[in-house]
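Right, one structure below, let's go through it.
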Amino acid sequence: MRLDDLDRIRVRPGADEQQLADLAAFGLDWDGAVIRQSERLDLYAQALAQLDAGGVLYPCYCTRREIREAASAPHGALPEGAYPGTCRDLSSAERADRERDGRPPALRIRAGAAVVSFTDRLLGEHSGVVDDLVVRRNDGAPAYNLAVVVDDSAQGIGEIVRGADLLHTTARQLHVGTLLDLPAPRHAHVPLVLGPDGTRLAKRHGAVTLADRAAAGESPLQVRSRLAASLGLAAAGELPSMAQLLERFDPAALPSEPTVLAP
Ligand SMILES: [Zn+2]
């Protein structure tokens, strides 16, 4: 169990304890102590040092707005919104200029528009073009795309199962892993659960947390049963045990389309 809590601004105090309590109420358990990324900064610093020693890092002084404006122009093979490499080949004089302006730099990887291909267990062959992604943010914090790669390897994770909304980050993360000489994990990107309007399930769809459901008279086990039924793992109203669910679970039978949650 790992809490990806590097984005301090967005982490609400107590939210992590609530998430762990919700998972426990669902009947999920995990091996060992809970790992928090905010307590592993030295590991990410080591990885950054390794990348730096490999000569693939460069400082980027761009503001969000500059990146948005630069990224809206077409840039050959790079995907829409990709960083076009504005700061990739600055001279030392140009870097000194920007340092004098007091702009704190982020660190980016010189990715060379690498094309990374992988086989997703559910989606099949997939490939992505890697742009010069940020590995250390301009506030000094390690970037998500660095931290998850370091941690997945350190935790011995061989297969990553996650929402299809993260598919666009996979080529980047595999590329970072290659640069760090880490073994590549396998991936299975599962379709999301959507609200009745077909958009990603969110607060505006009403009672979507376990606490909301409890207030509406639905227990965590009933919610679990409803989710299981949406995957064909339970009959409507049946309350299968975790052991039964595990026995019934078949990755090959996972839906390839998003599930729309009935109101
Ligand atoms: Zn830049």
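Every number in this text was worked out from the coordinates using simple rules, so none of it is lab data. For clarity, every value in this text was computed on a predicted model and none was experimentally measured. As a convention, Cβ positions derive from the backbone with ideal geometry for all residues, glycine included, and neighbour counts pool all protein chains shown.
With a cut-off of 20 Å, note down the residues of the range 169-195 whose backbone N falls inside the zone around a label point 7 Å from the Cα of Ser117 toward its beta carbon. Of the residues in the range 169-195, 169-179, 184-189 have backbone N under 20 Å from the label point off Ser117.
With 10 angstrom as the radius, rank Asp7, Asp16 by how many other C-beta atoms surround their C-beta, starting from the fewest. Show your work: numbers first, answer last.
Values: Asp7 13, Asp16 16.
Arranged by neighbour count, lowest to highest, Asp7, Asp16 become Asp7, Asp16.
Among the GluC sites (Glu not before Pro) within the range 192-260, those in coil by DSSP and having at most 15 neighbouring Cβ atoms inside 10 Å are Glu218, Glu238. By the count of other C-beta atoms within 10 Å, a proxy for reagent exposure, Val150, Val223 are ordered fewest to most as Val223, Val150.
Shown for the chain: cysteine residues without a partner Cβ closer than 4.7 Å, namely Cys62. The ranking of Ser92, Ser225, Ser38, Ser117 from fewest to most other beta carbons within 10 Å of each one's beta carbon is Ser92, Ser117, Ser38, Ser225.
Could you work out the Kirkwood radius for the chain, taking every pair of different alpha carbons, averaging 1/r and inverting it, reported in Å?
On the way: mean 1/r = 0.0474 Å⁻¹.
Evaluated on the chain, it is 21.1 Å.
Using a ≥ b ≥ c from the Cα gyration tensor of the range 121-237 (square roots of the eigenvalues), is it rounded, prolate or oblate, where a/c under 1.5 gives rounded and otherwise the larger of a/b and b/c decides, a/b for prolate? Write down the numbers at each step before the final one.
Details: a/c = 2.33, a/b = 1.89, b/c = 1.23.
Prolate shape, in that a/c is at least 1.5 and a/b is the bigger ratio.
For the range 94-191, applying the loop criterion from DSSP together with a ceiling of 15 other beta carbons within 10 Å to the GluC sites (Glu not before Pro) yields no site. For the range 40-187, what class follows from the C-alpha gyration tensor (a ≥ b ≥ c being the square roots of its eigenvalues): rounded when a/c is under 1.5, otherwise prolate if a/b is larger than b/c, else oblate? Oblate, since a/c reaches 1.5 and b/c is not below a/b.
A helix-only calculation puts the chain at -10000 deg cm²/dmol for mean residue ellipticity at 222 nm, using -39500 (n - 2.57) for each DSSP H run of at least four residues, averaged over all residues. Rounded to the nearest 20 debye, the dipole magnitude of the range 1-62 is 220 debye, with +1 charges on Lys and Arg beta carbons, -1 on Asp and Glu beta carbons, and the Cα centre as origin. Each Lys and Arg Cβ is given +1 and each Asp and Glu Cβ -1; about its Cα centre, the chain then shows a dipole of about 540 debye. Only beta bridges with both residues in the chain are counted; by DSSP, about 60 percent of them are antiparallel.
Tally Lys/Arg at +1 and Asp/Glu at -1 over every other residue whose Cβ is under 15 Å from the Cβ of Ala45; what's the total? Once all neighbours under 15 Å are counted, the net charge is -2.
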